[in-house]
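The values are calculated or read from the model by the stated rules, or taken from the named source; none is laboratory data. Remember, it's a predicted structure, so these values are computed and weren't measured experimentally. So basically every Cβ, Gly included, is an ideal-geometry build from the backbone, and we count neighbours across all protein chains shown. Heavy atoms of the whole protein, side chains included, go into the accessibility calculation; ligands, DNA and RNA do not. Shrake-Rupley method; radii C 1.70, N 1.55, O 1.52, S 1.80 Å.
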Amino acid sequence: MAKNVPDYEELNYGTGSKWIKHLTKNRLDTFTGGHFADVNLSSVLFIHRLADEDHVKLEVWSAPGLTKPFFDEAMKQKFKPAKKGDSFGPSFEFDPGCEAMIFSTDGTPLQGITGGYGGDRRVEYIIPPESVKAGKHAFVIESSCNGMFGVPWNGDTIAPPDMNRYFKLDSADLVVPDQEAWGLLADFTTLREIADTLPGNGALQNKAITVANAIMNEFDQTDKSSIGRARKIAEEVFGEGWAAKQEGIFEEGAQKPQVWGIGYCHIDTAWLWPYSVTQQKTARSWSTQIDLMDRYPEHRFTCTQAQQFKWLEQQYPKLFERVQAKVKTGQFHLVGGSWVENDANMPSGEALARQFLYGQRYFESKFGIRCDTAWLPDSFGLTGALPQLIRLAGMKYFFTQKLSWNNINVFPHSTFNWVGIDGSQVLSHMTPVDTYTAQATVGDIYKGVTNHKNLESSETSLLVFGNGDGGGGPLAKMLENLRRIRAASNQSRELPPVDMGHSVEDFFDGLLKESNGGEKLPNWNGELYLEFHRGTYTSHGSIKKGNRKSEILLRDVEHLATLASLYKHHNSNYEYPKARIDDSWEKVLLNQFHDVLPGSAIGMVYDDAEKLYAEVRQDGEKLIEEALSTLFPKALHLADPAVKSLSGRVIGYNTTFLPRRDVIAFPVTGAASRLKSQVVQTSKDGTVGYALMDSVGEGGAKVSECRGLYADSMPVSVFSNGSDHFVLRNSSVQLTIFKGRITSLLDVQLDRELITRGQTGGLVIFDDRPNYWDAWDVEIHHLETAHPLEFSNLEFVTDGPLRASLKAETTYGKSKISVTISLDAIAASMKKGSRSLFNFDAVVDWQEKHKFLKFEIPLNIHSDVATYETPFGHVQRPTHKNTTWDMAKFEVCGHKFADLSEFGYGVALLSESKYGFSCRGNVLAISLLRAATAPDANQDIGTHEFSWAVMPHQGHFLESDVPIAAFLYNSPLHVRFVPQEFVTAPFMTAKPPFTISGASNVILETIKRGEDDDFKKGGKTTVVLRLYEAFGGHARAKLHISRHLHVTSALITNLLEDELEEIRISTDNDDLQSVVLDFHGFEVKTVKVTLGSKPHEPKRESWVTVESA
């Protein structure tokens, strides 16, 4: 007979043990909180609770207005007594109902507080043992009087803020928790999650329910020992003695985890709160995580955004030192490598490069390490240029998540090779948990496997957990839950094993290994287009304009400052202003955060952003003046009164490396009246002159001077019947407006009509009422509500021969729109056969709500795709609706151009500050203004000035000059008056310092001084040049360097200016130094040249000054 087998009685008088499962499962809801809170587990969580004045003494000082004083300043103020129940505000407290931070009395941040009763509640603070022993503990609490998601006025998260909201101090109690009871609460929570998550009728689900039910039966509110017995019952699921193993539980069970847990705290650098609040959120969140690391050794926390670290360093230096220590121990992980978690649609290629340059170099300078993983979980779509830039920034891994928000199609991969427009790849993971703010529940772990899109090639996923958006990060209860989940999975295969104690890089290293270097993974080629938040390409037009203008301004500052630091003929004391340039770049990069540049933040954020752009503009213009005064001595603005008494020339400096001609307008009255001799045309009232400036020659950046009309100029003329028919024309193109709409766009040379018969172009306004996310979204149904606008009050304001302009007006609702349409006697570029473009300058008094203003032009062109500029290249998108993937791209992002071409011909729209475009069939459109009311109630209300252009071109886009023309359209000349005595100054007649030959598809974008140059000590002098291939094909280009700049070495570097490869320098017949550069399609190359004095020549013989070591 078998041993230990119970007897089986012959007679049975019982009822049996059959259960009614759903009733037992529903019973579990009554064990914590709710109606039975006075008798269930919640009633025994605390042994003592004291709040009287003998035990808790409170004093308070309220900062005036919206000020955010630092700790030292606050502690100097006069505090007054306070008590529970007091209100604090307005608008921005223990449980204060809001966010707060605990400091030691010496000003060291200890941890954050999150008041209220949401899932992010964190109101406990553990009194240090030494203070318990001493019987007294003093600390300081800073309450911010804002919720985790700001202070929306009506409770809707995205509503504008309520600036008069008060918060109530709900609790300020000295408590002694019953740790065993809290442990049972955590046990029971995990059991309930297992019961709620696992599907069907599995063994583990049923066991979790029966064990939880047994715990409820065992618990006795009046018997403290019942808690221990109940916890023992929980071991039936978690394993015997599991709790004593603590972090060691992760060392047991499966050797290969399926889910890797990493703590994360997504802090929007600004969103429903301004930058200043983010600075506090960062300190609150990170101090809390350091505390958790000390209590939970397996806890690894990852963090991004160098800007937030810099704020911490400046404002909370003691906490910053604690962060540095945790980075060194490997518990606090740096990822992202960028200045902020930036928008990844609208920043220029160079700005994206600077995000990585400034981010990686900051992390390296402060922590001694660089990031290996790029990290943009919340950006609203991702340009296909990013993989190359990520690799050039020293990273090969990429984490993102936002495409799980797609509102039409489901993105098909979780782990994949993301292949960029140039062919570069990054190993990418889009967590199947579908969030970067997971709560570390059983459901999250389970979803990490069941929602994985390509388990056939990779079976692991990343659990990115912790409260976010408004900060906070992981909670102790999350870490407790993960221990229990792992314990349960060690006992049952029905739960995926979760790993803790490793880094994001460990996770990706494992992916790389198991996928055989990515070979077993699917590929995704090109952009990661988010099928959502399409309105962000247009919302807050002034911010879009500030971004574009600042990017161009800083490009020009670096260009001119670099040359001024080398060509010191007129100012030997000039020093490259690197610190000031860095300061401006950091401001621009900050404003590229993914809720600022897209226009999806509250109004307070844009007050800050506009101020930063104003500072960049002011500082940038000053830096340009300093550089120009070194290169062009005594140069004056044309409006300077001194011009009246001087003879000289109007010149323009071309900061592009492209040959060009420009028509410029300047006043010719008052002090500038003597400049009339240099213009070709004056306005009808005689106040404005129009000059033709030529910068052709060898091409490249050089000085332009005023010229007369050339033989190949195309004088413009105008025609009107005086009422409803207006024509602008030259020998290249012609535009006709009839009854307020554009009815004809004609290529005169080919006699080809470009507007479809029966259709008209012009301004169109749409109803704009998205389903929820107001500032973020424009939905496809807005296209059903088009209202074409007609121009009125048309009149010619100039009539040629150099420029003809037609002014038109229209009104809609309370808004007034004035547009000046101009045609010049020059082509869009110097490419042979280039056509002229029609420029539209708009001034709009915008007073609408929930309307969308666009400019559309229906074209007699058929193509399945339209082409849009993207950083360092272009992308083609469908013009049809064959599939839902095609339909989803009804509104897209472009930079300086959008183009519709067929074989032999095309038309482009050029933009100087707009990013939203579309092409539906043959209708090419640029988005101009939106009018959302949340989260900024007054978004875009007010006056706007912006421009766009219509550019016909012979030949398909790939044969055209569209990228060149768009580059020039965004790069105005720097025009000055140079006195006669200086018109022969060295730099005025010098050959361009840098030129490109042999490859019209290669653009030299940037020149700057090297990051590691020492400008004060006279160390090595280097110049960094960034070039890219713009059309998507191979090229062999020659980079020529003027003989005035003696090159001692030339190297290819990455974006961080690490030296990768030395390149050969040759000398051409005309004494130019040259390097040959081979490109593949859309490739970005960074070249660093080192300069020195010419051999065998005294240094002073050259008018180029090179610092000597």
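Some points to look at:
- The one condition from (1) more than 30 Å from residue 688 (Cα to Cα); (2) open to solvent by 60 Å² or more (accessible area, probe 1.4 Å) that residue 637 does not meet is (1).
Per-residue answers, yes or no, for (1) under 15 Å from the mean Cα position of the chain (by Cα); (2) at negative phi; (3) open to solvent by 10 Å² or more (accessible area, probe 1.4 Å); (4) modelled with pLDDT under 95:
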{"residue": "324", "(1), (2), (3), (4)": "no, yes, yes, no"}
{"residue": "345", "(1), (2), (3), (4)": "yes, yes, yes, no"}
{"residue": "366", "(1), (2), (3), (4)": "no, yes, yes, no"}
{"residue": "395", "(1), (2), (3), (4)": "no, yes, no, no"}
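- Residue in region 282-301 that is under 19 Å from the mean Cα position of the chain (by Cα), at pLDDT 95 or above and of a type in the set (Phe, Trp, Tyr) present: no
- When the criteria are applied in full, residue 105 meets the requirement of being among the β-branched types (Val, Ile, Thr), open to solvent by 80 Å² or more (accessible area, probe 1.4 Å) and closer than 30 Å to residue 291 by Cα.
- Residue check, residue 785 of a type in the set (S, T, N, Q), under 19 Å from residue 929 (Cα atoms), in contact with an Asp or Glu (Cβ under 7 Å, 6 or more places away or on another chain) and at pLDDT 95 or above: yes
- Residues considered: 719, 726, 766. Of these, the only one that is surrounded by fewer than 18 Cβ atoms within 10 Å (Cβ to Cβ) and assigned to a strand (DSSP E or B) is 719.
- Test: residue in region 731-753 that is closer than 28 Å to residue 599 by Cα, buried (at least 22 other Cβ atoms within 10 Å of the Cβ), touching a Ser or Thr at 6+ places or on another chain (Cβ under 9 Å) and modelled with pLDDT of 95 or more: no
- Considering (1) open to solvent by 40 Å² or more (accessible area, probe 1.4 Å); (2) at pLDDT 80 or above; (3) in a loop (DSSP other than H, G, I, E, B), the lone condition that residue 120 does not fulfil carries the number (1).
Listed here are the residues, each with its yes/no results for (1) open to solvent by less than 10 Å² (accessible area, probe 1.4 Å); (2) of a type outside the set (Asp, Glu).
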position: 761; (1), (2): yes, yes
position: 773; (1), (2): no, yes
position: 783; (1), (2): no, yes
position: 787; (1), (2): no, yes
position: 790; (1), (2): no, no
position: 794; (1), (2): no, yes
position: 798; (1), (2): yes, yes
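- Qualifying residue in region 300-310 (condition: assigned to a helix (DSSP H, G or I) and open to solvent by 20 Å² or more (accessible area, probe 1.4 Å)): yes
- When residue 30 is tested against (1) loosely packed, with under 13 Cβ neighbours inside 10 Å; (2) within 23 Å of residue 195 (Cβ to Cβ); (3) hydroxyl-bearing (Ser, Thr, Tyr), only condition (1) is not met.
To keep it simple, each residue is scored yes or no on (1) touching a Pro at 6+ places or on another chain (Cβ under 7 Å); (2) open to solvent by 10 Å² or more (accessible area, probe 1.4 Å).
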site	(1), (2)
828	no, yes
835	yes, no
857	no, no
868	no, no
873	no, no
879	no, yes
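- Contacts under 7 angstrom Cβ, first residue in region 223-238 being under 18 Å from residue 250 (Cα atoms) and acidic (Asp, Glu), partner assigned to a loop (DSSP other than H, G, I, E, B) and open to solvent by less than 60 Å² (accessible area, probe 1.4 Å), 6 or more apart: 235/242
- Leading residue by the ranking (nearest to residue 31 (Cα to Cα)) among those in region 215-243 that are among the acidic types (Asp, Glu) and assigned to a loop (DSSP other than H, G, I, E, B): 220
- Extreme residue, most open to solvent (accessible area, probe 1.4 Å), among residues of region 1068-1106 that are modelled with pLDDT under 55 and assigned to a loop (DSSP other than H, G, I, E, B): 1096
- Within region 227-278, the set of residues being among the aliphatic types (A, V, I, L, M), open to solvent by less than 20 Å² (accessible area, probe 1.4 Å) and more than 29 Å from residue 401 (Cα to Cα) comprises 227, 230, 234, 237, 249.
- Set 981, 1005: member being out of contact with any Cys (no Cβ under 6 Å at 6 or more places or on another chain) and assigned to a helix (DSSP H, G or I): 981
- Of all residues in region 5-22, exactly one satisfies the criterion of being open to solvent by 100 Å² or more (accessible area, probe 1.4 Å) and aliphatic (A, V, I, L, M), namely 11.
- Test: residue in region 1011-1034 that is open to solvent by 30 Å² or more (accessible area, probe 1.4 Å), part of a strand (DSSP E or B) and either small (Gly, Ala, Ser) or at pLDDT below 95 (or both): no
- Selection from region 257-295 of residues that are aromatic (Phe, Trp, Tyr), farther than 16 Å from residue 314 by Cβ and out of contact with any Gly (no Cβ under 9 Å at 6 or more places or on another chain): none
- Unmet requirement for residue 295, which otherwise passes all of (1) open to solvent by 10 Å² or more (accessible area, probe 1.4 Å); (2) of a type in the set (Lys, Arg); (3) over 25 Å from residue 488 (Cβ atoms): (3)
- Test: residue in region 151-171 that is in a loop (DSSP other than H, G, I, E, B), modelled with pLDDT of 90 or more and farther than 30 Å from residue 216 by Cα: no
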